[in-house]
Amino acid sequence: DIREVELPFLPDDATEEERRGSLLHVLRELAEDGLLEADTYICSLPGDKVVTRILQMPFTDARQIDATIGFELESHLPYGLDEIVYDYQILDETEEGARIYAAAARTEDFEELLNLLQAVGIDFVDMASRPFEHHGHLRNP
């Protein structure tokens with residue numbers, strides 16, 4: 001049974017503290033109503049907190065992709081590898097290599113969301129970036 005919960009809209013000029021407070025308020029209400037009881041939680045960061053790219057890798061070997069995807073992704077970001085969490089999904093493979101959908105977020109943003117969720121008793125979250133919400137997990141190198 002999958003439930004999607006929309007958060008209340010906040011104006012563009014809302015502060016980060018107001019946004020966190022609103023999210024925590026909604027999560028606490030859901031927890032009190034027993035609506036946060038699940039085996040698995042999947043959550044998305046807001047679009048402005050995630051960078052996505054389609055990357056072309058010259059190989060298809062999973063070990064090579066795992067070993068190099070972070071460095072390839074880093075060249076598209078204003079952050080270093082030590083400041084991000086990331087994940088990827090192989091879209092297709094050809095003789096020329098693999099075409100990959102990659103998503104990255106600042107570790108700080110990721111941890112902030114995890115802390116909010118842990119405040120209402122959610123200890124494990126499968127983070128996702130649309131459109132691949134149910135595939136993969138964000139990884140920290």
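The values are calculated or read from the model by the stated rules, or taken from the named source; none is laboratory data. Everything numeric in this text was worked out from a predicted model, so none of it was measured. We place every Cβ from the backbone using ideal geometry, glycine too, and count neighbours over all the protein chains shown. We work out accessible area using only protein heavy atoms, side chains counted, and drop any ligands, DNA or RNA first. Shrake-Rupley method; radii C 1.70, N 1.55, O 1.52, S 1.80 Å.
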For segment 96-126, give me each residue that is touching a residue at least 60 places away in the same chain (Cβ under 8 Å), farther than 19 Å from GLY47 by Cβ and in contact with a Lys or Arg (Cβ under 9 Å, 6 or more places away or on another chain).
ALA119, VAL120
Among (1) in contact with a Phe, Trp or Tyr (Cβ under 6 Å, 6 or more places away or on another chain); (2) in a helix (DSSP H, G or I); (3) not aliphatic (A, V, I, L, M), where does ASP66 come up short?
(1)
Of (1) in a helix (DSSP H, G or I); (2) under 18 Å from the mean Cα position of the chain (by Cα), LEU77 fails just (1)
Which of (1) farther than 27 Å from VAL26 by Cα; (2) open to solvent by less than 30 Å² (accessible area, probe 1.4 Å); (3) free of Cβ contacts under 8 Å to residues at least 40 places away in the same chain is the odd one out, the single condition GLU93 does not satisfy?
(2)
Go through segment 22-63 residue by residue and tally those that are under 21 Å from the mean Cα position of the chain (by Cα), part of a helix (DSSP H, G or I) and surrounded by 14 or more Cβ atoms within 10 Å (Cβ to Cβ).
6
What is the one condition in (1) open to solvent by 60 Å² or more (accessible area, probe 1.4 Å); (2) assigned to a strand (DSSP E or B) that GLU111 does not satisfy?
(2)
